[in-house]
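Have a look at the structure below, then the notes.
Read the figures in this text as sums done on the coordinates, not as results from a lab. Please read these numbers as outputs of a predicted model, since none were measured by experiment. Because the Cβ atoms are built from the backbone with ideal geometry, glycine has one as well, and the counts that use them run over all protein chains shown.
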């Protein structure tokens, strides 16, 4: 669904004038994502700190919500997620609150804010809409992204790829990676949590011996598709986006099992003020319309039930991500120090 039709469809629901049924009735026992038709109208003003990401698609969602709710105004401060996280922490230290909401593209950044005690608790009927492993008391994931191994289909098949991420360090594959990229560092943080610092450092050095570095993970996937390397390390949606524009691209996805190599991370949003309007804005992000749009256009993973995953990606119940509290990914400083001491950064 393109931006214009998405915005227009949200506005059309508002123009239809149907009386929404009780929110409590809808959310008391939701069968997956609810529709925007069931939500209360937003009235008033909020300030959102919005981490950069997804090629402007998050902006399209915001535009659609505003057009559906003409008496609602969202003031937005945009920037890299890490910079906005630091701004929120600095403002809190100075006794200042400028943001009502923080929408981050990485759960590690969310964890830094929640660890500082700045996030407001969210109602159970909101968090309860999410899948069991993605329910938190003071923030909500919006969509997921899974770590994958994109591989060149002219060189390899999925059967050639080990299902243990640690095995790559001892393989003969040529590898593309983006160690300075935030999602990669969250992946390394997960590996540290699961395997310990020494094992992680050894793995990093083993990969570095046969890896080519790229600035971002789209560059990783493009290098794999061009045949510059055998395989890469990247979030799933870069491969799916490339293949959506180039169906015959020489790249496909492989998945490891029960390790950091198939970590499911998430974008997430939290409320910084005890404000019913902020909570109701968050409700819109979990609706069937928004979740479907982000799955279809951004190729992100819906985290509410009964919304189809992006084309080309198996459903979450068919992959085996590790069990890890996503807010633990906030422990980023030791990861960066480890990567530097290992000669990776």
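Observations on the model:
- Over the stretch 110-152, volume per residue of the alpha carbon convex hull, in Å³: 95 Å³
- Tensor-based shape of the stretch 155-233 (alpha-carbon gyration tensor, a/c under 1.5 rounded, otherwise prolate or oblate): oblate
- Of the residues 104, 116, 260, the one that moves most in a GNM of the chain with alpha-carbon contacts below 10 Å is 116.
- Computed over the chain: relative contact order in percent, which uses C-alpha pairs under 8 Å that are six or more apart: 26 percent
- Measuring r between the beta carbons of residue 199 and residue 71 and using R0 = 56 Å, the FRET efficiency lands at 0.55.
- Taking Cα atoms only, the orientation of helix 288-297 departs from the longest principal axis of the chain by about 30 degrees.
- Efficiency of FRET between residue 124 and residue 345 - r from beta-carbon atoms, R0 30 angstrom, step 0.05: 0.15
- Of 36, 199, 290, the residue with the greatest mean-square motion in the GNM of the chain, using alpha carbon springs below 10 Å, is 199.
- Peptides ranked, highest mean first, by Cβ atoms within 10 Å: ranges 243-251, 305-313: 305-313, 243-251
- Percentage of interatomic Cα-Cα distances in the stretch 204-263 larger than 18 Å: 36 percent
- Here the label points at residue 35 and residue 331, each 7 Å from Cα along the C-beta direction, are separated by 4.5 nm in the simple model.
- Two-site label geometry, residue 131 and residue 226: point separation in nm, points 7 Å out along Cα→Cβ: 3.4 nm
- Counted over the stretch 177-278 with a bin width of 5 Å, the fraction of Cα pairs per bin, in whole percents, is 2, 11, 18, 21, 18, 11, 7, 6, 4, 2, 0.
- GNM remark for the chain: springs join alpha carbons under 10 Å apart, and the peak mean-square fluctuation among 44, 79, 216 falls on 44.
- Rg/Rg_ref, the chain, where Rg_ref = 2.2 N^0.38 Å and atoms are Cα: 1.00
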